[in-house]
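Bear in mind these aren't lab numbers, they're just calculated from the coordinates by the rules spelled out. No experiment lies behind these values; they were computed from the predicted model shown.
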């Protein structure tokens with residue numbers, strides 16, 4: 001069982017030997033998925049997705065127990081321009097009619113620092129599954145306003161959209177490399193340690 005002590009606003013975690021990873025459900029109200037792509041070879045352009053769900057297991061003492069599974073609704077793409085958003089939902093890009101979701105499922109967590117990990121997993125986009133490695137940072141933990149317990153993470157990784165079959169406007173109008181930033185809060189499930 002994990003015991004948490006608050007000291008001057010800081011949280012200290014004491015983990016008993018053999019403790020299992022806690023399970024969390026991603027809070028979609030406090031989750032962000034942002035992407036960045038080069039436009040005309042001139043400037044970085046940003047967009048986001050507004051609907052996602054998922055779960056993860058987290059044990060700060062044993063990365064081998066950690067696991068994450070996140071699903072994003074592709075129709076929720078948003079760039080503050082209605083016409084562009086509709087084009088992104090079309091078969092030229094996310095093809096939301098045929099592929100309403102994209103998904104990331106981890107296979108391995110490697111500890112790289114006190115609160116950082118390389119998370120290796122599979123990204124499925126447009127029906128194509130490819131391995132990716134995300135640089136993940138544990139961003140904090142604490143009680144929510146309703147007494148629920150939360151942890152937070154941010155992940156950053158890059159993909160080449162052409163590897164998933166998204167080739168519209170390559171190579172001049174839109175770049176191939178896309179940076180993805182995912183930041184989430186997870187609510188610990190009832191009955192978990």
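Report the relative contact order of the range 21-188, percent, no decimals, based on alpha-carbon pairs under 8 angstrom and at least 6 residues apart.
Across the range 21-188, relative contact order equals 25 percent.
Quick one: compute the contact order of the range 22-110, relative version, from alpha carbon pairs under 8 angstrom and 6+ residues apart, as a percent.
Over the range 22-110, the number comes to 26 percent.
Give the separation of the Cα centroids, the range 113-147 to the range 26-83, in Å.
10 Å
Kindly identify the chain as rounded, prolate or oblate by the Cα gyration tensor criterion: order the square roots of the eigenvalues as a ≥ b ≥ c, call it rounded if a/c is under 1.5, otherwise compare a/b with b/c, prolate if a/b is larger, else oblate.
Cα axes put the chain in the prolate bin.
Between residue 39 and residue 128, what length comes free when the chain is fully extended (0.36 nm per residue of separation minus the Cα-Cα distance, one decimal in nm)?
Numbers: separation 89, 0.36 × 89 = 32.04 nm, distance 2.42 nm.
That works out to 29.6 nm of additional length.
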